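Only one structure is covered here, and it is reproduced in the block below.
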Amino acid sequence: MKTSWRSASLMATAASVLALTTACGQDNSTTPSSAAQNVGATAPATSGGVGVGTGTGTGTGTDTGAGNGYGADGQQSSASPSPAEPAGKLTIASNPDLGKVLTDGAGLTLYRFDKDTANPPKSNCEGDCATTWPPVPADDAEAGAGIDKALLGEVTRPDGTKQLTINGWPAYRYAKDVNAGDVNGQGVGGKWYALAPDGKKATLSSLPGLSVRKDAKLGDIIVDKNGMTVYRFIKDKAWPKPVSNCTGACLEKWPAVAEVNVNDTKGVEKKGLMGFARTDNGQKQMTVDCWPIYTFSGDKAPGDTNGQGVGGTWYAVSPAGKLVGATS
């Protein structure tokens, strides 16, 4: 039997609806039942890169400790730091998120501290800080391939030991980096950053519009082109079309992520990855799994997760677009 033009049209329309159903709003089960109001809109932004969520999530930022800025998890130990491992031959590692990163002879990432100075070189990390961030000895440090040996120097620490400097910046390791290539110290407290071979902070400028970062506490989460954590608001909707319920003052605290070309993403599932026009201002906002996504004004540096769990309504986003750490 031949199919009429009208029948074919109806069949195509049904197929389109089915495709939309598959793409958007199919799984709303991750929305916690405790959500009752837009409390995240009035939650105060934390400062200094050290923050805790005020809701039900894990909500502690990235290893910022109890406000000390060192990533020491609030532990105040009087024990002396263990003898530092030699630096060995420094090498350049290629990190998918940070670009070129300076590492020691064992492949461990080297860091710099914003409270230090490079001209003149001076370390302001002592005591508990130096336990969490062991200074790299200068004695046997050697420039490997691609590293300008003229940038290697040393600074005398208060205890008389010589610490390696890179273009004047004192170099450290991070106690929670246990394997070659780990960068768990990146962005800790909004003050610690991986060293680039020239002594500058390792850049995030090469990041795609959306990509995935492994957080020490939350696991794989989505970040934007600047390395900032991406969040979802559980009062939003994904079905039958994306709807943002964060407007006005809320949108000032939780800026909408602008539309990103699907080809300018890495590690994020393609399902429901698209932009939509906001009804309040007409601007295009990006969605993941059809859910609108945002950043948080309280995150001051890449790696911060101060928005996690705020008000029990804001959560980081997994590569599949699901809420991370939400409880139903």
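For the range 250-264, state whether one or more residues are part of a loop (DSSP other than H, G, I, E, B), of a type in the set (D, E, K, R) and open to solvent by 10 Å² or more (accessible area, probe 1.4 Å). Don't jump to the end; show me each part of the working.
Narrowing the range 250-264 to residues part of a loop (DSSP other than H, G, I, E, B): 254-255, 257, 259-261.
Adding the requirement that they be of a type in the set (D, E, K, R) leaves 259.
Applying the additional criterion that residues be open to solvent by 10 Å² or more (accessible area, probe 1.4 Å) yields 259.
Within the range 250-264 (the criterion being part of a loop (DSSP other than H, G, I, E, B), of a type in the set (D, E, K, R) and open to solvent by 10 Å² or more (accessible area, probe 1.4 Å)), the answer is yes, since at least one residue qualifies.
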In the set Gly272, Gly282, Gly199, Gly267, which member is out of contact with any strand residue (DSSP E or B) (no Cβ under 7 Å at 6 or more places or on another chain), part of a loop (DSSP other than H, G, I, E, B) and on the phi > 0 side of the Ramachandran plot?
Gly282
Just one of (1) farther than 19 Å from Val101 by Cβ; (2) in contact (Cβ under 8 Å) with a residue 24 or more places away in the chain; (3) out of contact with any Pro (no Cβ under 6 Å at 6 or more places or on another chain) trips up Ala150, so point out which.
(2)
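In the range 285-299, what residues are part of a loop (DSSP other than H, G, I, E, B) and at negative phi? Lay out the reasoning, then the answer.
So the first thing to find is which residues in the range 285-299 are part of a loop (DSSP other than H, G, I, E, B), and the list is 289-290, 293, 295-299.
Listed by number, the residues that qualify are Ile293, Thr295, Phe296, Ser297, Gly298, Asp299.
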In the range 297-308, the residues that are more than 10 Å from Arg232 (Cα to Cα) and either out of contact with any Asp or Glu (no Cβ under 7 Å at 6 or more places or on another chain) or open to solvent by 30 Å² or more (accessible area, probe 1.4 Å) (or both):
Ser297, Gly298, Asp299, Lys300, Ala301, Pro302, Gly303, Asp304
So, in the range 82-101, of the ones that are open to solvent by 40 Å² or more (accessible area, probe 1.4 Å) and part of a strand (DSSP E or B), which residue ends up farthest from Pro302 (Cα to Cα)?
Lys89
Flag if Thr247 is among the hydroxyl-bearing types (Ser, Thr, Tyr) and part of a loop (DSSP other than H, G, I, E, B):
yes
Are there any pairs, at least 6 apart or on different chains, whose C-beta atoms fall under 7 Å, with the first in the range 307-320 and of a type in the set (Val, Ile, Thr) and the second surrounded by 24 or more Cβ atoms within 10 Å (Cβ to Cβ) and assigned to a helix (DSSP H, G or I), and if so, which?
Val310/Gly40; Thr313/Gly40
I'm checking my understanding of the structure. Among residues of the range 279-293 that are at pLDDT 95 or above and in contact with a helix residue (DSSP H, G or I) (Cβ under 9 Å, 6 or more places away or on another chain), which one is surrounded by the fewest Cβ atoms within 10 Å (Cβ to Cβ)?
Cys290
Show the residue pairs that are 6+ apart or on different chains and have beta-carbon atoms under 9 Å apart, the first residue being within the range 264-288 and more than 20 Å from Cys246 (Cβ to Cβ) and of a type outside the set (Phe, Trp, Tyr), the second being open to solvent by 60 Å² or more (accessible area, probe 1.4 Å) and outside any loop (DSSP other than H, G, I, E, B).
Gly267/Asp220; Lys271/Thr22
Scan (1) within 14 Å of the chain's Cα centre (by Cα); (2) without any contact (Cβ under 8 Å) to a residue 40 or more places away in the chain; (3) open to solvent by less than 30 Å² (accessible area, probe 1.4 Å) for the single condition Lys225 breaks and write down its number.
(3)
Across the range 179-222, which residue is farthest from Lys100 (Cα to Cα) among those that are polar (S, T, N, Q) and open to solvent by 60 Å² or more (accessible area, probe 1.4 Å)?
Asn179
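Taking into account only those residues within the range 224-255 that are among the aliphatic types (A, V, I, L, M) and modelled with pLDDT of 95 or more, which is nearest to Arg278 (Cα to Cα)? Walk me through it before giving the result.
If we filter the range 224-255 for residues that are among the aliphatic types (A, V, I, L, M), which is where we start, we get 228, 230, 234, 238, 243, 249, 251.
After this cut, where a residue has to be modelled with pLDDT of 95 or more as well, the list is 230, 234, 238, 243.
Numbers: Val230: 18, Ile234: 17, Ala238: 13, Val243: 7 Å.
Filtering first and then ranking leaves Val243.
The values are calculated or read from the model by the stated rules, or taken from the named source; none is laboratory data. Since this is a predicted model, take the numbers as computed values, not measurements. Here Cβ is always computed from backbone atoms with ideal geometry, including for glycine, and neighbour counts include all displayed protein chains. Calculation scope for accessible area: heavy atoms of the full protein, side chains included, ligands and nucleic acids excluded. Shrake-Rupley method; radii C 1.70, N 1.55, O 1.52, S 1.80 Å.
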